[in-house]
1. Is at least one residue of segment 137-147 open to solvent by less than 30 Å² (accessible area, probe 1.4 Å), touching a Lys or Arg at 6+ places or on another chain (Cβ under 8 Å) and within 24 Å of L2 (Cα to Cα)?
2. Criterion first (more than 12 Å from the ligand (Cβ to nearest atom) and either crowded, with 19+ Cβ neighbours inside 10 Å or in a helix (DSSP H, G or I) (or both)) does L116 satisfy it?
3. Just one of (1) part of a helix (DSSP H, G or I); (2) under 19 Å from A45 (Cβ atoms) trips up K70, so point out which.
4. Scan R80, R76 and give me the residue that is surrounded by fewer than 17 Cβ atoms within 10 Å (Cβ to Cβ) and either assigned to a helix (DSSP H, G or I) or among the aromatic types (F, W, Y) (or both).
5. Spot the failing condition for E34; the list is (1) closer than 27 Å to D137 by Cα; (2) open to solvent by less than 10 Å² (accessible area, probe 1.4 Å); (3) within 14 Å of the ligand (Cβ to nearest atom), and only one is missed.
6. Does segment 93-110 hold any residues that are open to solvent by less than 80 Å² (accessible area, probe 1.4 Å), outside any strand (DSSP E or B) and within 13 Å of the ligand (Cβ to nearest atom), and which are they?
7. In segment 53-64, what residues are open to solvent by 30 Å² or more (accessible area, probe 1.4 Å) and in contact with a strand residue (DSSP E or B) (Cβ under 9 Å, 6 or more places away or on another chain)?
Amino acid sequence: MLRIRDLTAADIDRVAQLEQGEPSAWNSVDIRRELDQPEGFRLVAVEESGGGIVGWCCSRSLETEAELLKITVLDRCRRRGVASALLACLKGRLVGKGVRTLFLEVRSHNDPAFQLYRRDGFAEVGRRRRYYSSPEDDALIMSREIAGA
Ligand SMILES: CC(C)(COP(=O)(O)OP(=O)(O)OC[C@H]1O[C@@H](n2cnc3c(N)ncnc32)[C@H](O)[C@@H]1OP(=O)(O)O)[C@@H](O)C(=O)NCCC(=O)NCCS
């Protein structure tokens, strides 16, 4: 069974491991910095049958708008609904704080993520040319209304 809970300082190294090898991966310093953000949510997905942390996500918000900053699922646990469960929990938390619109940026060549967001109801609202490096890529900006969804 999958459980979504808040990330704690004790999870940082495990989450940094999970990030390793991904494009624009965050390291433990990046993750620890998010723990200090008062307007942020940081969630981990835990497989209760001994699998440990299999995914995580984080966001920051300002009044009625929020941005999804990261969502990563352990390679071998993909296509099992982990990211969808994280997103569902995050949206619930954000709505509870009065957030109405959730934004995100995604590499234009990141098809798994793009498909995840499209299926979740996000629409493309802009593009930043050559926004990413290593490898170079455009950023697609996507958003969706979450209040009352
Ligand atoms: C993108 C990512 C978070 C998706 O995580 P996941 O747990 O596999 O996603 P889910 O199982 O919840 O997938 C939900 C839906 O998204 C779409 N989707 C997810 N991965 C997909 C893929 N590889 N190809 C096509 N569609 C995909 C499908 O519609 C899927 O539903 P289905 O499995 O019933 O067809 C994961 O691939 C990942 O960690 N990638 C590396 C990090 C990354 O790119 N993060 C996003 C940065 S913006």
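The values are calculated or read from the model by the stated rules, or taken from the named source; none is laboratory data. Because the structure is a prediction, the values reported are computed rather than measured. We place every Cβ from the backbone using ideal geometry, glycine too, and count neighbours over all the protein chains shown. Areas reflect the complete protein model, heavy atoms only, side chains present, ligands, DNA and RNA absent. Shrake-Rupley method; radii C 1.70, N 1.55, O 1.52, S 1.80 Å.
1. Yes; the residues of segment 137-147 include at least one that is open to solvent by less than 30 Å² (accessible area, probe 1.4 Å), touching a Lys or Arg at 6+ places or on another chain (Cβ under 8 Å) and within 24 Å of L2 (Cα to Cα).
2. On the way: more than 12 Å from the ligand (Cβ to nearest atom): no; either crowded, with 19+ Cβ neighbours inside 10 Å or in a helix (DSSP H, G or I) (or both): yes.
No; evaluated as a whole, the condition is false for this residue.
3. All conditions pass for K70, except number (1).
4. Values: R80 fails: either assigned to a helix (DSSP H, G or I) or among the aromatic types (F, W, Y) (or both).
After applying the criteria, what remains is R76.
5. Among (1) closer than 27 Å to D137 by Cα; (2) open to solvent by less than 10 Å² (accessible area, probe 1.4 Å); (3) within 14 Å of the ligand (Cβ to nearest atom), E34 violates only (3).
6. First pass over segment 93-110, keeping only residues open to solvent by less than 80 Å² (accessible area, probe 1.4 Å): 93-96, 98-99, 101-108, 110.
Restricting the remaining residues to those that are outside any strand (DSSP E or B) gives 93-96, 98-99, 108, 110.
Of everything in segment 93-110, those that are open to solvent by less than 80 Å² (accessible area, probe 1.4 Å), outside any strand (DSSP E or B) and within 13 Å of the ligand (Cβ to nearest atom) turn out to be S108, N110.
7. First, the residues of segment 53-64 that are open to solvent by 30 Å² or more (accessible area, probe 1.4 Å): 60, 62-64.
Those that are open to solvent by 30 Å² or more (accessible area, probe 1.4 Å) and in contact with a strand residue (DSSP E or B) (Cβ under 9 Å, 6 or more places away or on another chain): R60, T64.
Here is a yes/no grid of residues against (1) over 26 Å from R3 (Cα atoms); (2) in contact with a strand residue (DSSP E or B) (Cβ under 6 Å, 6 or more places away or on another chain); (3) modelled with pLDDT under 95; (4) assigned to a strand (DSSP E or B):
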site: V44; (1), (2), (3), (4): no, yes, no, yes
site: A66; (1), (2), (3), (4): no, yes, no, yes
site: E124; (1), (2), (3), (4): yes, yes, no, yes
site: P135; (1), (2), (3), (4): yes, no, yes, no
